[in-house]
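Written below as structure tokens is the structure these notes are about.
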Amino acid sequence: MNEALLRSLTPSVLAVLVRRGADFAAAEDAVQDALVEAVRVWPATPPRDAKGWLVTVAWRRFLDARRADAARRRREDLVDEEPAPGPASAVDDTLQLYFLCAHPSLTPASAVALTLRAVGGLTTRQIAQACLVPEATMAQRISRAKRTVAGVRLDRPGDVATVLRVLYLVFNEGYSGDVDLAAEAIRLTRQLAARVDHPEVAGLLALMLLHHARRAARTAPDGSLVPLAEQDRGRWDTASIAEGVDILQAALARDRLGEFQAQAAVAALHADAPTATETDWVQIVEWYDELARLTDSPVVRLNRAVAVGEADGPRAGLAALAALDASLPRHTAVAAYLHERDGDLATAARLYAEAAHKAPSLAERDHLTRRAARLNTLRRH
Amino acid sequence: MAKYLLLKHYRGAPAPVNDVPMDRWTPEEISAHMQYMHDFAARLEQTGEFVDGQALAPEGTWVRYDGEGRPPVTDGPFAETKDLIAGWMVIDVDSHERAVELAGELSAAPGAGGKPIHEWLEVRPFLAAPPTVTE
């Protein structure tokens, strides 16, 4: 049984229950139960109609739960026959679920968790493992999120930008446990792109595909980080790159530029270079100029300084860097790199060590420490 | 989306405002303190922010490798060690501000006279996995 296929049915099954009048939180629980049941039963007795099977089981679970609930509250006025499935809704139910799970009233962590469960069909345990928190904590995070959106109506279109931000967060969470969140983010974004005709959705999908294509080359067998310039480009996934570039080009042709398209354009230029030295840095600087115009993010200007250093030489990069706030994350690491390129190994080594001290991740800290150690060794010889 | 360690020290932190050693509290004050800590953790589990909480014995043993085929060398405890960890709580929150807010609440745990201890807690971010998108 293909688990991804099973999970791809999650949002539409959930939508059927909601359309039949189940409240979102209870429907979501019932669908989870049905998914667990499917994993147990399908290998021996595969259903003819997978979605129909899930709807039937989930609806039965929902009625059982409501009956148990009602019994607890000593209510006996329940109508529990199965209603006729209503006319097909004009709005896309799956799309409405994306909007609901990324609702602005949710914190980023809650939106990520709820999206993974209600749209992605992951179990609470899988989400907890992927986010490295206890299952009980994740269960509470999800049920709070469901309460937060309980009063939100499912029939209004939301803001696609909020959905994209959540999917981008899921992608950047990386992977641990038995779930690859980056691959899951791609699956969910692809599913969204099939429903929404929006160049930024395409831009995000392209961005994810282009970055995911390089994943095998990003880490050495010992787990250490391999910088872009030193990656074995033969290990990049060319099919994924080709797909990302195609999607991006179609999006850019529509002339409605947004930050994800611009970020994907930078990733595409890297993917396009047969060797690091053949990278078109001049064009990359231009895309960072666009990005700075679109987002005004200091991180973008920091990345731009790196690109300027490659396009116009390290001195130009250092000049661009000098205009930025030195307390920005990774500012010191960029300064170290540009000084190294400029031949000032003593300053570079000192700054690499300082950057390692401030690094936000273990892999980056190890990487920067190794850079400092390498320069210090060179200087002794 | 980011994990923080809230670190409580037996020694090595600046003195709290309500600086009375626990053995001079009343039993009821100790119970109230424990209840506060318990409730705090339970509340964080409810908000989906709790990861782990542990208390440590004050005395430990120092251990190091002593060469092939030899048992490890042990030493200590060293009474003079300046910094002594008492326990920790690990939280998973949306922002550094939230981590600081929670540490502030934890520091308000009641001590002698039922008044907040105003104990200094150390808030340390975890080194995370690097993000997928880097350039």
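Given A:LYS358/B:LYS115; A:LYS146/B:LYS115; A:LYS358/B:LYS8; A:LYS51/A:LYS146, which pairs have Cα atoms separated by over 32 Å?
Too far apart for the 32 Å limit: A:LYS358/B:LYS115; A:LYS146/B:LYS115.
For A:THR219, which sequence-distant residues (separation of 5 or more, or a different chain) have an amide H within less than 5 Å of its own amide H, given hydrogens modelled in the peptide plane?
Hits under the 5 Å cutoff: A:VAL226.
Please report the spacing between the Cα centers of the stretch A:233-295 and the stretch B:1-33 in Å, no decimals.
The stretch A:233-295 and the stretch B:1-33 have Cα centres spaced 53 Å from each other.
For B:ARG11 paired with A:SER297, estimate the spin-label separation in nm (one decimal), with each label point 7 Å from Cα along the Cα-to-Cβ line.
4.7
How high is the relative contact order of the stretch A:136-241, in percent, with contacts defined as C-alpha pairs under 8 Å that are six or more residues apart?
Reported as a whole number, the value is 17 percent.
Could you tell me what a quarter of the Cα convex hull surface of the stretch B:2-121 works out to, in nm² with one decimal place?
Taking a quarter of the hull surface, the average projection is 9.7 nm².
Taking the stretch B:1-97, which chymotrypsin sites (Phe, Trp or Tyr not before Pro) meet the DSSP loop condition and have no more than 11 other C-beta atoms within 10 Å?
Sites meeting the loop and neighbour criteria: B:TYR65, B:PHE78.
Answer with one residue from A:THR137, A:VAL166, A:GLY120: the one whose Cα lies farthest towards the positive end of the charge dipole of the stretch A:115-201, charges on Cβ with Lys, Arg +1 and Asp, Glu -1.
Ranked along the dipole, the leading option is A:THR137.
Starting from the stretch A:256-314, pick out the trypsin sites (Lys or Arg not before Pro) whose DSSP state is loop and whose Cβ has at most 16 other Cβ atoms within 10 Å.
Of the trypsin sites (Lys or Arg not before Pro), the ones in loops of the stretch A:256-314 whose Cβ has at most 16 other Cβ atoms within 10 Å are A:ARG256.
Where in the stretch B:53-130 are there trypsin sites (Lys or Arg not before Pro) that are in a DSSP coil and have at most 16 other Cβ atoms within 10 angstrom of their Cβ?
Those satisfying the criteria are B:LYS82.
Along its principal axes, what span do the Cα atoms of the stretch A:95-173 show, with the longest given first and each in whole Å?
Largest to smallest, the principal-axis extents are 34, 26, 20 Å.
Give me the percent relative contact order of chain A, please, defined on Cα pairs under 8 angstrom at least 6 residues apart.
Here the relative contact order equals 9 percent.
What does the extension gain come out to for A:HIS357 and A:ALA323, with contour length at 0.36 nm per residue minus their alpha carbon separation?
Roughly 9.9 nm would be gained on extension.
Find the percent of Cα-Cα distances in chain A that exceed 36 Å, and round it to a whole number.
Here the tail beyond 36 Å accounts for 34 percent of pairs.
Return the whole-Å distance between the Cα centroid of the stretch A:168-230 and the Cα centroid of the stretch B:40-104.
After rounding, the separation between the Cα centres reads 34 Å.
With no solvent and one point on each alpha carbon, what is the Debye value of log10 I(q)/I(0) for the stretch A:216-312 at q = 0.16, 0.17, 0.18, 0.25 Å⁻¹?
Debye intensities relative to I(0), on a log10 scale: -0.75, -0.84, -0.93, -1.33.
Read-outs throughout are calculated quantities, based only on the coordinates presented, and are distinct from any laboratory measurement. Since the model is a prediction, treat every value here as computed from it, not as a measurement. Glycine gets a Cβ as well: all are built from the backbone with ideal geometry, and neighbour counts include every protein chain shown.
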